[in-house]
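Only one structure is covered here, and it is reproduced in the block below.
The values are calculated or read from the model by the stated rules, or taken from the named source; none is laboratory data. Model, not experiment: these values are computed from the prediction. Cβ sites come from the backbone with ideal geometry, for glycine too, and all protein chains shown count toward neighbours.
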Amino acid sequence: MTFRSDEPREAAMTTSVARAAPSRPLRRVMLRVTDGPDRDAQVQTARPRLTIGRSAVNDLVLTDSSISGLHAELQLAAGGPHGAVLLRDLGSTNGTHVGGVRIREAWIEPGATIQLGKTAIAFLAEDEVQVPISRQTHFGALLGQSPGMRELFAVLERIADTDMSVLVGGETGSGKELVARALHDESPRHKGPFVVLDCSALPRELAEAAILGHRKGAFTSALESRAGAFEEAHGGTLFLDEIGELPLELQPKLLRVLDRREVQRIGETQVRKVDVRVVAATHRDLKTMVGQAQFREDLYFRLSVMNVELPPLRERGDDILLLAEKFVSDFTRPRGGAVVLSPAARRALTAHPWPGNVRELKNTIERAVHFASAGVIEPADLFLGRPSRPVPAPTPAGEPAVAGDDALFAQPFKEAKQAMVDAFERRYFARLLEQHDGNLSRAAAAAGITRYYLRELLKRLGLHRVKDDEP
Ligand SMILES: Nc1ncnc2c1ncn2[C@@H]1O[C@H](COP(=O)(O)OP(=O)(O)OP(=O)(O)O)[C@@H](O)[C@H]1O
């Protein structure tokens, strides 16, 4: 593995004084097994979450047969009393006990003993470690100046040059696809293709063909021979979005391709070598899915050679304003003229919890730029704190519901216009997808927009989870 460094190389015959690499302090805790079959096993971590159980996906793996696959977890960053961490039972069969009491959730302090089945675990003293953060405030197109994002950039900078498989976690809209794109753009594969396979949108009957490809006539709808996602991504990067939605029966097929680095199209005997870097993403807790036998453990390990987690936007502090300013300028540039955020609007943006993360912020700014008068965005233009812009639900007949004339004319002009635009967009894209059988690439080409932009629009309109035989 090669690591790229931002440090200048030391010139011959000169003495260089290295600048200390920037870092941030993180809490670190230690657990040690004091009784039971795994006595003396221990783990030390500064990650925000530590899991304990029998499955190999856990941070502390135990062999005690009275313990569940994924038994309990410790949350280090959950707030709470000073020095305490949150212990949670993860629905174990035999329960988690502290001080002889069965708990579902409890704050524990250093010195406490956790009892799981026949095993006793001591929660030992915690300390602080320094973790490196990047000097940069972006990685590719991914922006961020908060310590959490710069810690992520430091990891991405080190792995971009490699072919390591990466599993990206994070809430919906937090930028997982952008991480995959940035890793591709910053890697030696950047001239190769970047292919997206959205596992949540794969109709079961076409999923295998989407991964492996097929020969003409291999099944009823196979009118042409077609390459699968791996072949299309040859020489580049394959982004497996929403990997947690991949049906269990297809998981061994994906694992096989990842192990052998070769594919066999359905209906063919020929084997084709593929050179692909895989980045997968999910908003689900894959470890829990492994514990519940909904996701294969071997595939989890194959995909998560490196695990990275995007913090939710509400934990990124001033990044909210950094991103808001960027989106204001992105959305005003094509319109000409300048738009700015008023001080009150900036306060409203930082106070909002952003459940939809960066995507919600981007949509909010796009709308606000449209609503702003005299070039200034005020809090009212952001529509925060009340239900966001009404996107009308389709009627049973498939037509969008638009408020009747009276209701429409009772609204201010801009809101009424927006309701009509939403209704039109919903109708237009619903029909477009129907015409192209849910295939995003063909639908985007027919509408004259990029596939990426189409996908963003569909997510905003709630039309994303339609049948999609991508790629
Ligand atoms: N740090 C960032 N800097 C700039 N733009 C960002 C950042 N994070 C996300 N975005 C933008 O926000 C939108 C949502 O990001 P993205 O699609 O990558 O999220 P996601 O986590 O993959 O979403 P989902 O879980 O719904 O698939 C995109 O338009 C993306 O370009």
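Computed quantities for the displayed model
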{"read-out": "Any hit, the range 139-153, residues being within 16 Å of the ligand (Cβ to nearest atom), of a type outside the set (A, V, I, L, M), part of a strand (DSSP E or B) and at pLDDT 95 or above", "value": "yes"}
{"read-out": "Subset of the range 154-176 that is closer than 20 Å to GLY317 by Cα and touching a residue at least 24 places away in the same chain (Cβ under 8 Å) - its residue that is farthest from the ligand (Cβ to nearest atom)", "value": "GLY169"}
{"read-out": "Scope the range 182-192; condition crowded, with 18+ Cβ neighbours inside 10 Å and within 13 Å of the ligand (Cβ to nearest atom); matching residues", "value": "ALA182, LEU183, HIS184"}
{"read-out": "Test result for VAL179, buried (at least 21 other Cβ atoms within 10 Å of the Cβ), of a type in the set (Val, Ile, Thr), in a helix (DSSP H, G or I) and within 16 Å of the ligand (Cβ to nearest atom)", "value": "yes"}
{"read-out": "Residue count, the range 318-364 (criterion: surrounded by fewer than 17 Cβ atoms within 10 Å (Cβ to Cβ), over 14 Å from GLU378 (Cα atoms) and of a type in the set (Gly, Ala, Ser))", "value": "5"}
{"read-out": "Residue within the range 74-90 that is part of a strand (DSSP E or B), of a type outside the set (Val, Ile, Thr) and loosely packed, with under 14 Cβ neighbours inside 10 Å present", "value": "no"}
{"read-out": "Some residue of the range 221-230 being closer than 21 Å to MET164 by Cα, in contact with a helix residue (DSSP H, G or I) (Cβ under 9 Å, 6 or more places away or on another chain) and modelled with pLDDT of 95 or more", "value": "yes"}
{"read-out": "Residues that are crowded, with 20+ Cβ neighbours inside 10 Å, closer than 30 Å to THR63 by Cα and of a type outside the set (A, V, I, L, M), drawn from the range 118-164", "value": "THR119, PHE123"}
{"read-out": "Hits in the range 193-244 (condition: part of a loop (DSSP other than H, G, I, E, B) and crowded, with 23+ Cβ neighbours inside 10 Å)", "value": "LEU202, GLY228, ALA233"}
{"read-out": "Members of the range 113-138 that are more than 16 Å from the ligand (Cβ to nearest atom) and free of Cβ contacts under 8 Å to residues at least 24 places away in the same chain", "value": "GLN115"}
{"read-out": "Residues of the range 102-117 satisfying the condition of being closer than 14 Å to MET30 by Cβ and surrounded by fewer than 17 Cβ atoms within 10 Å (Cβ to Cβ)", "value": "GLU109, PRO110, GLY111, THR113"}
{"read-out": "Helices (runs of 4 or more DSSP H) (entirely within the range 285-381) containing at least 1 residues that are in contact (Cβ under 8 Å) with a residue 40 or more places away in the chain, of a type in the set (Lys, Arg) and at negative phi", "value": "286-291, 297-303, 319-332, 357-371"}
{"read-out": "Residue under evaluation ARG47, criteria (1) at pLDDT below 90; (2) exposed (fewer than 13 other Cβ atoms within 10 Å of the Cβ), criterion not met", "value": "(2)"}
{"read-out": "Test: residue in the range 56-71 that is at pLDDT below 90, surrounded by 17 or more Cβ atoms within 10 Å (Cβ to Cβ) and in a strand (DSSP E or B)", "value": "no"}
{"read-out": "Selection status of ASP259, in a helix (DSSP H, G or I) and either surrounded by fewer than 19 Cβ atoms within 10 Å (Cβ to Cβ) or touching a residue at least 12 places away in the same chain (Cβ under 8 Å) (or both)", "value": "yes"}
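For every residue, the table says whether it meets (1) within 30 Å of LYS176 (Cβ to Cβ); (2) modelled with pLDDT under 70; (3) within 30 Å of the chain's Cα centre (by Cα); (4) buried (at least 16 other Cβ atoms within 10 Å of the Cβ).
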| site | (1), (2), (3), (4) |
| --- | --- |
| GLY375 | no, no, no, no |
| ASP381 | yes, no, yes, yes |
| PRO387 | yes, yes, yes, no |
| ASP406 | no, yes, no, no |
| GLN411 | no, yes, no, no |
| LEU440 | yes, no, yes, yes |
| TYR453 | yes, no, yes, no |
| LYS459 | yes, no, yes, yes |
| GLU470 | yes, yes, yes, yes |
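Each row is one residue, and each column tells you yes or no for (1) more than 16 Å from the ligand (Cβ to nearest atom); (2) within 22 Å of GLU245 (Cα to Cα).
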{"site": "THR282", "(1), (2)": "no, yes"}
{"site": "LEU286", "(1), (2)": "no, yes"}
{"site": "GLN294", "(1), (2)": "yes, yes"}
{"site": "PRO312", "(1), (2)": "no, yes"}
{"site": "GLY317", "(1), (2)": "no, no"}
{"site": "LYS326", "(1), (2)": "no, no"}
{"site": "GLY337", "(1), (2)": "yes, no"}
